[in-house]
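**Student:** Below you will find the structure I want to go over with you.
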Amino acid sequence: MDGRLGGGDASRALSGIDIVGDIGIIKVPDSLIERRHEMGERLLERLPSLKAVYRQTSPVNVVERVRGIEWLAGERRTATTYVESGCSFKVDVSSVYFSPRLSFERRRVAGICRTGETVVNMFAGVGTFSIVMARLSGVKKVYSIDCNPAAYELMVENVEMNGMGGRVVPLMGDAKDFVRSLRGTADRVLMPLPELAINYMEHAVRYLSGRGWLHVYLHTEGRTGEDAMADAERQTAAGAAAIFNIMEMQSRVVRSIGSRTFQVVVDAYGEGLIRDE
Ligand SMILES: C[S@@+](CC[C@H](N)C(=O)[O-])C[C@H]1O[C@@H](n2cnc3c(N)ncnc32)[C@H](O)[C@@H]1O
């Protein structure tokens, strides 16, 4: 192919770029696949703070939420440091999930936590939500669970690096497996994994001590954000049937992830109804 890539191509790549620290990850359309390295170079020229550009080669996988990537330009490394809300996070874009697009949501949840609360974060990744909450609010403890060993290792480092040892407790394993030791301890439970949130609601309720908050993240379809929120509230109410008496519920669109798909968070306050064991 002849000629330099058009400015429109670089602009399109820029509009969908995920920037994590100094690494950019783009989606390259099939029509430009032969010129992907050139695209990477162009992005490095346009965004001087970037040191490496990768392209996404597969959708995020179901469990660890990790996507396949291919190096395009710049330094050949996948580890970087990301700064948010005064906290620093080591992230490896090849082995853990990370989205800078949730930064407002992390601050929002930190802003509604009350002093002295105990929190369980069931799907904690590299510890971003947990550490931001501990830094920006007076929570006493955040039990921070992830089943991906690579995410857990980085979470342990991030907790230390941000001076949160003792307040943020990294735990490696399935989010349902800590119910045995942490049952009835939490004032608030975070479920930032849309694919599992409804299925794991029963375990989330078991973490609560009497009344408390569940933050349920879901992907829902809708013509508008309002439709998506209404659907997310319906799903949450249906998932709560017979296990959680919802006394207060509100929702917000976290982000749009397609023309008719939204990520929505439902904040539900209520009381656990599970009386077994
Ligand atoms: C969407 S990411 C979490 C993002 C994170 N809260 C943030 O703000 O960056 C979901 C995480 O859940 C973890 N995960 C998936 N299934 C799990 C399970 N059954 N138990 C615990 N963690 C799980 C994945 O490894 C992944 O790191």
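**Student:** Any idea which residue in the range 112-129 is surrounded by the most Cβ atoms within 10 Å (Cβ to Cβ), counting only those that are part of a helix (DSSP H, G or I) and within 6 Å of the ligand (Cβ to nearest atom)?
**Tutor:** First, the residues of the range 112-129 that are part of a helix (DSSP H, G or I): 112, 128-129.
Within this subset, residues satisfying the condition of being within 6 Å of the ligand (Cβ to nearest atom) are 128-129.
On the way: THR128: 27, PHE129: 24.
Per the stated criteria, the residue is THR128.
**Student:** Can you pull out the residues in the range 244-257 that are buried (at least 16 other Cβ atoms within 10 Å of the Cβ), within 20 Å of ARG275 (Cβ to Cβ) and touching an Asp or Glu at 6+ places or on another chain (Cβ under 8 Å)?
**Tutor:** PHE244
**Student:** Answer yes or no as to whether VAL189 is touching a residue at least 24 places away in the same chain (Cβ under 8 Å), more than 17 Å from the chain's Cα centre (by Cα) and under 25 Å from PRO100 (Cβ atoms).
**Tutor:** Values: touching a residue at least 24 places away in the same chain (Cβ under 8 Å): yes; more than 17 Å from the chain's Cα centre (by Cα): no; under 25 Å from PRO100 (Cβ atoms): yes.
Taking the combined requirement at face value, the residue does not satisfy it.
**Student:** What single numbered condition from (1) part of a strand (DSSP E or B); (2) open to solvent by less than 20 Å² (accessible area, probe 1.4 Å); (3) more than 9 Å from the ligand (Cβ to nearest atom); (4) not small (Gly, Ala, Ser) fails to hold for ILE145?
**Tutor:** Unmet for ILE145, out of (1) part of a strand (DSSP E or B); (2) open to solvent by less than 20 Å² (accessible area, probe 1.4 Å); (3) more than 9 Å from the ligand (Cβ to nearest atom); (4) not small (Gly, Ala, Ser): (3).
**Student:** If I ask for residues that are surrounded by fewer than 13 Cβ atoms within 10 Å (Cβ to Cβ) and in contact (Cβ under 8 Å) with a residue 12 or more places away in the chain, which ones from the range 262-277 would you list? It would help to see each step written out before you state the result.
**Tutor:** We begin by selecting, within the range 262-277, every residue surrounded by fewer than 13 Cβ atoms within 10 Å (Cβ to Cβ); these are 273, 275-277.
Residue satisfying the conditions is LEU273 alone.
**Student:** With the condition being farther than 27 Å from GLY127 by Cβ, I'd like the strands (runs of 3 or more DSSP E) fully within the range 20-111 carrying at least 2 qualifying residues. Give the derivation first.
**Tutor:** On the way: elements: 23-26, 52-56, 69-74, 79-84, 87-92.
Once the strands (runs of 3 or more DSSP E) in the range 20-111 are filtered for at least 2 residues that are farther than 27 Å from GLY127 by Cβ, what remains is 69-74.
**Student:** Continuing with this model, one more query. Being farther than 19 Å from ILE257 by Cβ and among the acidic types (Asp, Glu) is the filter here; which residues of the range 14-69 pass it?
**Tutor:** ASP22, ASP30, GLU34, GLU38, GLU41, GLU45
The values are calculated or read from the model by the stated rules, or taken from the named source; none is laboratory data. Only a predicted model underlies this, so the values are computations on that prediction, with no experimental measurement involved. As a convention, Cβ positions derive from the backbone with ideal geometry for all residues, glycine included, and neighbour counts pool all protein chains shown. The area values use the complete protein model at the heavy-atom level, side chains included, leaving out ligands, DNA and RNA. Shrake-Rupley method; radii C 1.70, N 1.55, O 1.52, S 1.80 Å.
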